[in-house]
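Take a look at the structure below.
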Amino acid sequence: MKKFLLFLLLALPVASAEISLSRFCITGREVRITGLKKGDIVKIDGREGKKPLASGFHRLEVLRDGKKIFSGKLLSLPGIFTLLPPLIAILLALVTKDVFTSLFLGIFTSAMLLNLLNPLGAFLRSLDTYLVRALLSSDKISIVLFTLLLGAMVGVMSKSGGIEGIVQALSRKVRSPKTTQLYTWLLGIFIFFDDYTNTLIVGNTMRPLADRWKVSREKLAYIVDSTAAPVASVALISTWIGFEVSLIGEGFRHVGLTLDPYMVFLQTLPIRFYVIFALFFGFLIIITGREFGPMFKAELRARQGKVLRDGAIPLADFEIAPLLPPPHIKKRWLNGLVPVLFVIAVTFAGIYFTGMKAAGALPPGPFIKKIGLIFSSGNSFNSLLWGAFSGFLVAIALALIQRLLKLREAVKAGIEGMKAMLTAVVILSLAWALSETLMELRTGDYLASALSGKFDPRLLPAAVFLVSALISFSTGTSWGTMSIVYPLVIPLAYTLAKGTPHFHRVLLGVVASVLSGAVFGDHCSPISDTTIMSSMASSCDHVDHVKTQIPYALTVAVFSLFFGVLPYAFSLPYLATVLLEAGALTAFLLLVGKKVN
C-alpha cells in the first residue's frame, strides 16, 4: 500500500507555482528552468549550477533566501530518445490505420519521458496537461471553431441543395475525371492567401463532383494538400509572409547582416524548388492522366465506383441522411457558391483591415512590399472565424429567403455539419498535443544540432532541406520547423560561406530550403494539421491519404534536391535548373506512370 501511495505521489506535479522545468533533459544539454529570481541557487545532485548532466536520474533543488522552494527529480537521456514519440505515432498509424490510438500512444510516450518514466503520471499528464495545453492557444481554438463553423455552413449548403446545385452546374463544363481534377487544382491555386481556408473550401466544394466522376477521395485529398501550403507559402499576399520574414530578419540580426529580410524573402521565391514543383507535378499528373504507386490502385478502384476503399474511415462525412436535401427542393448553384465566396471575401477583407491597423504607418517602398506587409501583419485567425460565420449566416439566409428550409431545419443542418467535422477535430487536437510534448522534449533542437556540421558550404542548402523535412515530418508542423531551424542555419550559412564567392547563393538557398523542406515533411507526416485537414475536407481516410501522397511528395523532393537545390548551389543558371527538373519529372512520370482507364 505504501509503495502504491508513493507511486501515486510521483504522478502528481512537484513544481511550485513560480518554478517551472521539464522533468526531462537531453544528456549533455543544460537544464532549462524558468521562474528563477536573482539570487536563487540551483543545486543538482547537491552541487550548484545547471551544467549538462550524464544519463540517469538526478536530484534538483532550488533555494531562495536560504529556503528550499523546489525539490524534485529529473531524468536525463540521450537525445535519440526524443525521436521515439513521433516514430511510434507515425509507424503505428501506418501499420494499424488507427490514427486515434497511434497519436495518443505518441503523446503517452512523450509523457513517460517527461514524467520520470512513471506510467500513471504519464497517463494523467497526457489528459490533464498536454491535451488541455494543446487547446489553450487562442489560435488553435480559432482553427477548431473555424473548422466547425465551416462544417455548419457546408451542412446548410448541402441540406438546401446548394452543393448538389454546384455539382449540376459544373457538370456542364466537367465532362471527365481529368477536368474534375483540373478544376480542383485551379481552385486550389485561386485561394492563395491562406492554406487552411484553401484546404477546407476546395475539398468541401469539389468532393461531390469528384464522387460523381469517380475520382478517388485519396486523389482529391492529394490535389487539395499539394496546392494549399505550397501556394500560400509563395504567394506575395498570404498569411505566411509575416512569420517567414520575421524569422529571416531575426536570423540576420543575430549575425549582423543588414540585408532587408523582405527583399531576401522575394529573392527566394523562385528557388523554392520543392514548393514550385509540388504544384507543377500535381498539374502534370492531371494533364497526362498517369498515376503510380498506391494512388494508381486507388484510382482504378474509384473508376469502378468505389471512391473509398472497403473499410475506410473518412474523417468527415457529409453524405449522412440528415444532410441530404429533400427531393422537392430545387438545386441552385448560387446556394452553394455564394456562401463560399462570402468566406473568401470576408476572410480576405479581415486580414487586410487588421493588417492595416497593425502595420501602422507604412514605410516607403514598392507597392507590393506594402501590400505584403499589410497582409503579413493581419490577424488571419480572427479573419477566418469572421469569414466562416459569415458564410454560415449567408447559407441560412439564402435557404430562408427562398423558403427551402425553415429556420429550425437550417440550424439543425448546421449542427449536423459540425458533427461531421468532429472526428477531424479530435485528431487535430491529438496532433497538437503531440507537437506540444515534442517541443518540451526539444526534439527539433536535437535533430537540428545532431545533423549540422562543417562541410562544403554549397552542400548546406541540400542539408538544410533534409533536416527541415525530417523535423517537419517528426513534429507535424511546418511553422514550428521554421521557428526551430531558421535561427540555427542562417548563422551557420553566414559562418561557412562568408567571404566565399558562393555566399549569396548559399544564403538564399538555405533560406529557401528551410521552407521547402518544412512543407515537404509536412506533406508526408500523418500528424500534420494541414494533412489532417486535407483528409477531413476531402472526406478521405487519413491513413489512405498519407500512404498515397508520400510517393508523389517523395518523388518531387528527390528531383528537387538533385535537379534543383544542388545544381543551383553549385552555380548552374537558374533557368537551366528549372528546365532540368521539369524535364526530369516529366520523363519520370511518362516512364513510371500508368494511365487509368
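Coordinate-derived values only; no laboratory data. The model shown is predicted, which means the values in this text are computed figures rather than measured ones. Here the Cβ positions follow ideal geometry from the backbone for every residue, glycine too, while neighbour counts run over all protein chains shown.
Work out the P(r) tail for segment 57-150: percent of alpha carbon pairs separated by more than 15 Å, whole number.
Details: 3133 of 4371 pairs.
Summing the P(r) tail past 15 Å for segment 57-150 gives 72 percent.
Would you be so kind as to identify which of Leu488, Gly203, Ala587 lies farthest towards the positive end of the dipole of the chain, taking Lys and Arg as +1 and Asp and Glu as -1 on Cβ and the Cα centre as origin?
Selected residue: Gly203.
For the ranges 348-355, 40-47, what's the packing order if you count other beta-carbon atoms within 10 Å of each residue, average per peptide, and put the highest first? Write down the numbers at each step before the final one.
Values: 348-355: 19.8, 40-47: 13.8.
Descending packing order for the listed peptides: 348-355, 40-47.
May I ask which of Lys219/Lys330; Lys159/Lys547; Lys178/Lys214; Lys159/Lys412 have a Cα-Cα span longer than 21 Å here? Could you put the intermediate results ahead of the total?
Values: Lys219/Lys330 30 Å; Lys159/Lys547 33 Å; Lys178/Lys214 10 Å; Lys159/Lys412 10 Å.
From Lys219/Lys330; Lys159/Lys547; Lys178/Lys214; Lys159/Lys412, over 21 Å: Lys219/Lys330; Lys159/Lys547.
Only helical DSSP H runs with n ≥ 4 go in: add -39500 (n - 2.57) per run for the chain, normalise by residue count and round the 222 nm mean residue ellipticity to 500 deg cm²/dmol. List each step's numbers first, then the result.
Working: 26 runs with 392 residues, N = 597.
The helix-only estimate for the chain comes to -21500 deg cm²/dmol at 222 nm.
Under a straight-distance cross-link criterion of Cα-Cα below 27 Å, which lysines are reachable from Lys43, leaving out those fewer than 8 residues away in the same chain?
Lys51, Lys67, Lys68, Lys73
With charges set only on the Cβ (+1 for Lys and Arg, -1 for Asp and Glu), what does the dipole of segment 171-211 come to about its Cα centre, in debye to the nearest 20? Intermediate results must be reported in sequence, preceding the final value.
Values: 5 positive and 3 negative charges, 75 e Å.
Rounded to the nearest 20 debye, it is 360 debye.
If you line up the long axis of helix 273-288 against the longest principal axis of the chain, both from Cα atoms, how many degrees apart are they, to the nearest 10?
30
Any lysines with Cα under 26 Å of the Lys498 Cα? List them, leaving off those in the same chain fewer than 8 positions away.
Qualifying lysines at Cα under 26 Å: Lys454.
If you count, for each residue, the other Cβ atoms within 10 Å and average over each peptide, how do 469-478, 177-186, 132-141, 485-494 line up from highest to lowest?
Values: 469-478: 26.3, 177-186: 20.1, 132-141: 14.2, 485-494: 21.8.
So the peptides 469-478, 177-186, 132-141, 485-494, ranked by packing, come out 469-478, 485-494, 177-186, 132-141.
In terms of Cα to Cα distance under 13 Å, which aspartates and glutamates are near enough to Lys595, apart from those fewer than 8 places away along the same chain?
Partners within reach: Glu291, Glu299.
Given charges of +1 on the Cβ of Lys and Arg and -1 on the Cβ of Asp and Glu, with all other atoms neutral, how large is the dipole of the chain about its Cα centre, in debye to the nearest 20? Could the numbers behind the result be given before it?
On the way: 57 positive and 35 negative charges, 121 e Å.
Dipole magnitude for the chain comes out near 580 debye.
With angles folded into 0 to 90 degrees, how steeply does helix 99-114 sit against the dominant principal axis of the chain? Use alpha carbons for both and round to 10.
Once rounded, the angle reads 10 degrees.
Note the angle between two axes, namely the Cα long axis of helix 217-234 and the longest principal axis of the Cα atoms of the chain, as a number of degrees from 0 to 90, rounded to the nearest 10.
Helix 217-234 and the main axis of the chain meet at about 60 degrees.
Quick one: Met263, Met439, Met153, fewest Cβ neighbours within 10 Å first, how do they rank? Show your work: numbers first, answer last.
Details: Met263 13, Met439 17, Met153 32.
Going from sparsest to densest Cβ surroundings: Met263, Met439, Met153.
Give a residue-ordered list of calculated ³J(HN,Hα) values for segment 398-405 (Karplus: 6.51 cos²θ - 1.76 cosθ + 1.60, θ = phi - 60°; whole Hz; x for Gly, Pro).
4, 5, 6, 4, 8, 6, 7, 9
Counting only DSSP beta bridges with both residues in the chain, tell me the antiparallel percent, nearest 5. If you can, show how the numbers build up before the last one.
Working: 20 of 23 bridges.
Taking every DSSP beta bridge within the chain, about 85 percent pair in antiparallel fashion.
Give the residue from Leu572, Leu220, Ala553 lying farthest towards the positive end of the charge dipole for the chain; charges sit on Cβ (+1 for Lys and Arg, -1 for Asp and Glu) and the dipole is referred to the Cα centre.
Comparing the listed Cα positions along the dipole, Leu220 ranks first.
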